[in-house]
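**Q** One structure is given below, represented as structure tokens, and several questions about it will come after.
Bear in mind these aren't lab numbers, they're just calculated from the coordinates by the rules spelled out. Because the structure is predicted, anything quoted here is derived from the model rather than measured. Heads up, the Cβs are rebuilt from the backbone with ideal geometry, glycines too, and the neighbour counts pull from every protein chain shown.
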Amino acid sequence: MISSKLLPFLFAVFLFSFSWVTTTSAHTHEDFLECLKLQSEDSSSISKVIYTPINSSYLSVLQLGINNERFNTSTTPKPQVIVTPLNLSHIEATITCSKKHDLQIRIRSGGHDYEGLSYVSPNPFVILDLITLQSITVDATNKTAWVQVGATTGKLYYSIAEKSQNLAFPASVCTTVGIGGHFSGGGYGTLLRKYGLAADNIIDAQLTDVDGLTKEDSTEMSWIESVLYFAGFSNSSLEILLERTQQNVRYFKAKSDYVQQPMPEVALEGIWKRLFEVEVGSGQLMFNLYGGRVSEISESSIPFPHRAGNLYKIQHSVYWNDEGIEESITHISWIRRLYSFLAPYVSKNPRSAYINYRDLDIGINNIGNTSYEQASIWGIKYFKINFDRLVHVKTQVDPANFFRNEQSIPSLPYWWS
């Protein structure tokens, strides 16, 4: 691969981290819609970005950001309203009105949350879909860029390549991932060992709160060519990176682990054996090497804590094509057994996990009043020593815990010292 200069990053985003809202709504969504018009600076413009079940485009807008068929069934809860904001005013209005009318809010950047938390809720809810906020401005001279939260990594790579063949940015292999969720969780890719995570290279942000071959076998390529290669688009033009829709959307369940000691042969043999079990369907383990730049950065530098001491990360996943509860149970049971088998060979105390490979199996918040104790069960696995800091920040900026979901940082009660 041709040596590329790193493109540091100005992350122009409206950051909503692991957002949700409780709901015991007694109001109809008509009240919510009226509130949106009153709260928005331009009521005529916000009316153009609102989708309800009676709108002919509602289903297509909803399904465009669903990247796991597990959550695209007739029984999957659907939002009362989808808002695709054009500006900050629309975002603020959606948040304000969701809070006022007790509607849970789900915020979707690209729709790649592994458990569908960006577009599914068991309670009456609204989706704030950031798909229209995808402007990107690349300054090749200063090696920086402003990127809106609804853009995909593919569009980011395309925009960089348009400006320069010598600049790169370390983010995901998958090019349909939304910038907002990907960067919020850390964001790793093929440049991880040299330049760290995507989040390590964010230098500014706009926020809103609640208020393996021989040399002959190898092909030298530029960074942007490698992006196409690793994404499975080797023979495609750069324009494929502008596609938001992921190809071959299937049902899947995934989990993650960090490995700190070399696995013994018996462990690898056990993995291999389980990959041929009847219940697998299509099982997959991906091993992502650590070390280099990502391990040089302190684990407390940003919320992502998985740094020095990790040899590699494993994403274990299972995919299937047939719908039905029994099919889901069969395949999910298989991956849970694999996860249990791996326990002696992966990180311990805590058994760490990667937030962008969302896994509700490792713990969820209490329904209603989220407690620190309950949230810490999963929170320490994702964030380790940074979990407490995140809790204190959340308490300061969102003391009422307005932004919440099954795995969101909790706010401490007012009497907590």
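**Q** Tally Lys/Arg at +1 and Asp/Glu at -1 over every other residue whose Cβ is under 13 Å from the Cβ of residue 153; what's the total?
**A** +1
**Q** Simple spin-label model, 7 Å along Cα-to-Cβ: residue 393 to residue 38 in nm?
**A** That separation, rounded to one decimal, is 3.4 nm.
**Q** What's the center-to-center distance, using Cα atoms, between region 220-281 and region 134-163 in Å?
**A** 25 Å
**Q** Something else about it: Please report the antiparallel percentage of DSSP beta bridges with both residues in the chain, rounded to the nearest 5.
**A** 65 percent
**Q** Restricting to Cα pairs below 8 Å that are 6+ residues apart, what does the relative contact order work out to for region 251-371? Please round to a whole percent. Mind dumping the intermediate values first?
**A** Details: 157 pairs, mean separation 50.4, N = 121.
Result for region 251-371 is 42 percent.
**Q** Please find the FRET efficiency linking residue 45 to residue 205, where r is the Cβ-Cβ separation and R0 is fixed at 22 Å, and quote it to the nearest 0.05.
**A** Result of the calculation: an efficiency of 0.35.
**Q** What's the exposure ranking of 64, 167, 191, going from fewest to most Cβ atoms within 10 Å? Can you show the working numbers first?
**A** On the way: 64 15, 167 19, 191 24.
The order, fewest Cβ neighbours first, is 64, 167, 191.
**Q** While we're here: Looking at the square roots a ≥ b ≥ c of the eigenvalues of the Cα gyration tensor of region 240-283, which shape do they give, rounded for a/c under 1.5, prolate if a/b is larger than b/c, or oblate?
**A** Cα axes put region 240-283 in the oblate bin.
**Q** Among 170-177, 275-282, how do they line up by average Cβ neighbours within 10 Å per residue, starting with the highest?
**A** Final packing ranking: 170-177, 275-282.
**Q** Moving to a separate point now. At a Förster distance of 60 Å, what's the computed FRET efficiency of residue 247 paired with residue 373, Cβ-Cβ distance as r, to 0.05?
**A** Between residue 247 and residue 373 the formula returns 0.90.
**Q** Another one. Sort by residue number and report every cysteine in the chain with no other cysteine beta carbon within a distance under 4.7 Å.
**A** Lone cysteines by the Cβ rule: 174.
**Q** Let me ask something else about it. Would region 59-150 count as rounded, prolate or oblate if I go by the C-alpha gyration tensor, calling it rounded below 1.5 in a/c and otherwise prolate when a/b exceeds b/c, oblate otherwise?
**A** The shape class here is oblate.
**Q** Then there's this: Quick one: net charge around residue 61, please, counting Lys, Arg +1 and Asp, Glu -1 for every other residue with C-beta under 14 Å from its C-beta.
**A** With Lys, Arg at +1 and Asp, Glu at -1, the net is +4.
**Q** For labels at residue 64 and residue 266 in the simple 7 Å Cα→Cβ model, what's the distance in nm?
**A** So the two model labels end up 5.3 nm from each other.
**Q** Shape verdict for region 1-249, please, from the Cα gyration tensor: rounded (a/c under 1.5), prolate (a/b greater than b/c) or oblate.
**A** prolate
**Q** Among (i) 20.0; (ii) 21.6; (iii) 28.8, only one was calculated for this model; which label is it, if the read-out is mean projected area of the Cα convex hull in nm²?
**A** (ii)
**Q** Continuing with this model, one more query. At 222 nm, what value in deg cm²/dmol follows for the chain if DSSP H runs of at least 4 each add -39500 (n - 2.57) and the sum is divided by all its residues, to the nearest 500?
**A** Details: 13 runs with 119 residues, N = 417.
The per-residue figure over the chain is -8000 deg cm²/dmol.
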